[in-house]
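Everything on this sheet refers to the single structure shown next.
Laboratory data are not the source of any read-out in this text; all were calculated from the coordinates shown. Note that this is a predicted model, so its numbers are computed, not measured.
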Amino acid sequence: MKLRVQIATLASAAALLVGGSVALAPTASAVGSSACTYNPLDVTFKIDANGLNLRTGPSTSYTSVGLLYKSDGYIFKVQCYGGKNQWAYGSLTKRSVTGLAKGRTGWVSSPLLTWP
């Protein structure tokens with residue numbers, strides 16, 4: 001019985017420690033074109049995935065501001081690449097099917113875009 005109490009106490013302490021460190025972790029703030037490492041000519045790409053996140057920065061640790069879908073078609077105008085060129089920064093050339101406004105800027109995973 002004493003062993004069970006010690007295990008439960010240890011588990012509770014570990015949960016508080018982990019929970020506290022998660023709560024104190026900094027949140028990623030929005031990053032614009034300043035994170036670009038490569039700037040191609042402006043080209044409008046087709047969305048090649050359903051539920052593609054438009055994010056505030058070049059990694060999954062950044063907040064998603066909305067979703068893009070294949071039915072959006074050629075909607076994302078790439079201005080540059082960042083995050084080891086796996087992320088594209090650009091703007092929407094028209095309103096998305098989910099209601100994101102034309103001109104909205106953000107980052108998407110570049111392998112999920114199709115060249116025209």
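Note that the range 108-116 has calculated 3J(HN,Hα) couplings of 10, 5, 5, x, 9, 10, 10, 5, x Hz, one per residue in order, obtained from phi through the Karplus relation 6.51 cos²θ - 1.76 cosθ + 1.60 (θ = phi - 60°); glycine and proline are x.
Reducing the range 58-75 and the range 83-116 to their Cα centroids gives an inter-centroid distance of 6 Å.
Summarising the amide proton neighbourhood of Lys94: residues at separation of 5 or more, or on other chains, whose placed amide H is nearer than 5 Å comprise Gly103.
Could you tell me which of rounded, prolate or oblate describes the range 33-114, using a ≥ b ≥ c as the square roots of the eigenvalues of the alpha-carbon gyration tensor, with rounded for a/c under 1.5 and, failing that, prolate when a/b is larger than b/c and oblate otherwise? Show your work: numbers first, answer last.
Values: a/c = 1.57, a/b = 1.32, b/c = 1.19.
Verdict is prolate for the range 33-114.
Run the numbers on the range 33-114 and let me know its relative contact order in percent, using alpha-carbon pairs under 8 Å that are six or more apart.
Details: 204 pairs, mean separation 27.9, N = 82.
Value for the range 33-114: 34 percent.
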